[in-house]
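Below you'll find the structure, written out as structure tokens, and then a few comments.
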């Protein structure tokens with residue numbers, strides 16, 4: 001049971017890094033970007049192609065996946081996303097879903113529909129026993145990396161000048177602009193970092209989650225569950241929601257595999273029934 005708990009925590013931490021960019025854009029920028037999974041897929045394919053085609057070491061592909069998807073995110077924010085910020089949420093949903101299907105079709109056409117595989121370094125393979133708990137080396141690596149990212153992101157948002165500027169830009173863009181804050185630049189950087197984190201999550205998750213052109217569609221619901229259950233006003237909420245989702249999914253698939261995702265969706269319904277604003281959301285928050 002403790003081994004399953006450890007695997008669930010690793011899965012949850014991975015889901016958090018994959019979803020946190022969506023939580024930031026929805027909660028802080030008030031923009032619904034359902035194409036978030038496409039950036040995660042881009043990071044995963046970046047790692048796969050660099051390793052399998054060019055022989056780049058696995059660890060070296062991770063910062064490249066982050067930087068490349070962040071760059072793509074910044075480019076799309078300037079050209080496609082920015083005009084949509086003031087549009088109704090329904091327009092944002094339809095727009096971003098269209099981008100998802102375009103990304104799925106493009107990857108399927110240029111790379112193919114087959115499942116992509118990567119081979120992690122030897123020192124990340126296998127398991128070891130610690131206090132009667134079987135610990136997967138790669139899952140431990142995921143927990144450490146995602147944990148460091150979580151702490152760093154929380155510190156940036158809560159204790160840095162950029163974090164205060166971002167909150168000011170979200171609360172009242174006109175006043176923030178009058179105080180000398182470049183709101184467009186703040187949103188550009190935020191969107192780019194959120195996209196980069198999704199790409200990094202896709203790179204880390206390629207070995208665990210699998211990777212094919214339907215990746216954004218398969219995990220779109222999971223990203224939305226993390227954001228809706230955790231709330232979008234803090235980082236703590238999505239983190240706890242991702243951990244609950246990961247643990248419930250791992251235990252459910254082990255003890256009741258025929259139920260599929262029924263346990264996960266039941267947990268989501270119960271939490272949202274008791275707290276419609278999410279675990280750490282505030283009533284009336286946008």
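The values are calculated or read from the model by the stated rules, or taken from the named source; none is laboratory data. In this text, all values refer to a predicted model and were calculated from it rather than measured experimentally. Note that we place each Cβ from the backbone using ideal geometry, even for glycine, and neighbour counts take in every protein chain shown.
Within the stretch 213-226, is there a residue that is at pLDDT 90 or above, over 13 Å from the mean Cα position of the chain (by Cα) and more than 17 Å from residue 261 (Cα to Cα)? Taking every residue of the stretch 213-226 in turn, at least one turns out to be at pLDDT 90 or above, over 13 Å from the mean Cα position of the chain (by Cα) and more than 17 Å from residue 261 (Cα to Cα). Being farther than 23 Å from residue 242 by Cα, in contact (Cβ under 8 Å) with a residue 40 or more places away in the chain and surrounded by 13 or more Cβ atoms within 10 Å (Cβ to Cβ) holds for only one residue in 188, 153, and it is 188. Can residue 247 be described as in a helix (DSSP H, G or I) and either within 21 Å of residue 156 (Cβ to Cβ) or at pLDDT below 85 (or both)? Considered against the rule, which asks whether it is in a helix (DSSP H, G or I) and either within 21 Å of residue 156 (Cβ to Cβ) or at pLDDT below 85 (or both), residue 247 comes out as no.
Here is the figure for the stretch 126-175: residues that are at pLDDT below 90 and farther than 24 Å from residue 236 by Cβ total 15.
Checking each residue in the stretch 206-244 for being part of a helix (DSSP H, G or I) and in contact with a strand residue (DSSP E or B) (Cβ under 9 Å, 6 or more places away or on another chain) picks out only 206. Taking the criterion of being in contact with a helix residue (DSSP H, G or I) (Cβ under 8 Å, 6 or more places away or on another chain), part of a helix (DSSP H, G or I) and surrounded by fewer than 12 Cβ atoms within 10 Å (Cβ to Cβ), the only residue of the stretch 113-130 that qualifies is 123. Of the helices (runs of 4 or more DSSP H) lying entirely inside the stretch 1-86, those containing at least 3 residues that are under 14 Å from the mean Cα position of the chain (by Cα) and more than 20 Å from residue 166 (Cβ to Cβ) are 2-27, 36-54. Remark: pairs (first residue in the stretch 87-105, exposed (fewer than 13 other Cβ atoms within 10 Å of the Cβ); second residue assigned to a helix (DSSP H, G or I); Cβ separation under 7 Å; 6+ apart in sequence or on different chains) = 91/84. Being closer than 26 Å to residue 112 by Cβ, surrounded by fewer than 21 Cβ atoms within 10 Å (Cβ to Cβ), in contact with a helix residue (DSSP H, G or I) (Cβ under 8 Å, 6 or more places away or on another chain) and free of Cβ contacts under 8 Å to residues at least 12 places away in the same chain, is that true of even one residue in the stretch 37-57? The answer is yes; a qualifying residue exists.
If you check 199, 194, 278 for being free of Cβ contacts under 8 Å to residues at least 60 places away in the same chain, buried (at least 22 other Cβ atoms within 10 Å of the Cβ) and closer than 19 Å to residue 16 by Cβ, only one passes: 278.
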